[in-house]
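First the structure, in the form of structure tokens, and then the observations on it.
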Amino acid sequence: MNVSLAIDVGATKVAVGLVTLSGQVLARIDVNSKAGSIAELNGSLADAIKSVMATPDVVVVGAGIGSAGPIDNVKGTINPVNIPHWVDFSLVDFVREVSGLASVRIIGDASALAYAEFVLGAGRGATNLMGIVVSTGIGGGVVLNGAFHVGRTGNAGMIGHSVVVQGGNECACGQRGCVEAYSSGTNMAKDFGAANFEAVASAARSGDGAAVAAIEKGAAVLALGLLNAVALMDLDTIVVGGGVMLADDVYWPILVKHFEKEMKVLNFPGNVALKKATLGKDSGLVGAGLVGFISPTERA
Ligand SMILES: [Zn+2]
């Protein structure tokens, strides 16, 4: 069976596995990214890669990496903010060397989710799609005219750092007024004065007006960002995933309300489908794996 080697670089762990074309994950190993040293981290990652590749009865045709940003898909380097050992780390070269695979492609983690949802999840059948992740930050990925679009450096779809409030709240990226500065789970929690979004959602569930207001504010700003994305790219589908969607019972109706309100302003797109991601927590790993199948002559 043909499979691809999939690597998903997240905030606290690096998931390594094999992914089939139908999105099945085989032989998954999670590597702790908070290792004591870069040698320890790289050693554990190399062991995990070799171990999953030793799975019997498979042919590994290529590798795909989805990584927390920013990435540089031309140089093949990553700079994940939560993994201090890896600064300008050439993960593509590392994986090529350890795995012996010639084709190793890298994309952003949110792009990986968007691609997985487009191929196998809520975005199936879409032609112009944006997939977004609402979590501690906000990321996104884009499919245009039915093809995965990564942009010049691999960071297309970074909706979290599109500016919607001139001179607005300071964002972790250094700009002011980014969508993420209002709409991430972390910033909605900060607005309410809670440690995390789970606490906001739980307070909102029990009718806390301030918690509902914090979610309303975050969702309203995200809806503006989505409006801009639709206006720029004439999208037909938006898929929303990420940790905040674990509380979709309180979050989703509010986001839908603000999105529909904003969309009334645009007169050209007709119905833009706003959908919940369906592939769950493995979507990043699956998306990375699917990208690993793309032939080297195609731009991943
Ligand atoms: Zn920003």
| query | Which numbered condition trips up Val81, out of (1) crowded, with 21+ Cβ neighbours inside 10 Å; (2) under 27 Å from Ile215 (Cα atoms)? | reply | (1)
| remark: Filtering the range 208-243 down to residues that are free of Cβ contacts under 8 Å to residues at least 60 places away in the same chain and open to solvent by 10 Å² or more (accessible area, probe 1.4 Å) yields Asp208, Gly209, Ala210, Val212, Ala213, Glu216, Lys217, Ala220, Val221, Leu227, Ala231, Leu232
| If we only count helices (runs of 4 or more DSSP H) wholly inside the range 82-183, which ones have 1 or more residues that are within 16 Å of the ligand (Cβ to nearest atom)? | 109-120, 180-183
| note | Flagged in the range 163-207 as open to solvent by less than 40 Å² (accessible area, probe 1.4 Å), in contact (Cβ under 8 Å) with a residue 40 or more places away in the chain and within 16 Å of Asn228 (Cβ to Cβ), in numbering order, are Val164, Val179, Glu180, Tyr182, Ser183
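The values are calculated or read from the model by the stated rules, or taken from the named source; none is laboratory data. Fair warning: this is a prediction, and the values are worked out from it, not measured in the lab. In this analysis, Cβ positions are derived from the backbone assuming ideal geometry, glycine residues included, and neighbour counts consider all displayed protein chains. Side chains included, ligands, DNA and RNA excluded: accessible areas come from the protein's heavy atoms. Shrake-Rupley method; radii C 1.70, N 1.55, O 1.52, S 1.80 Å.
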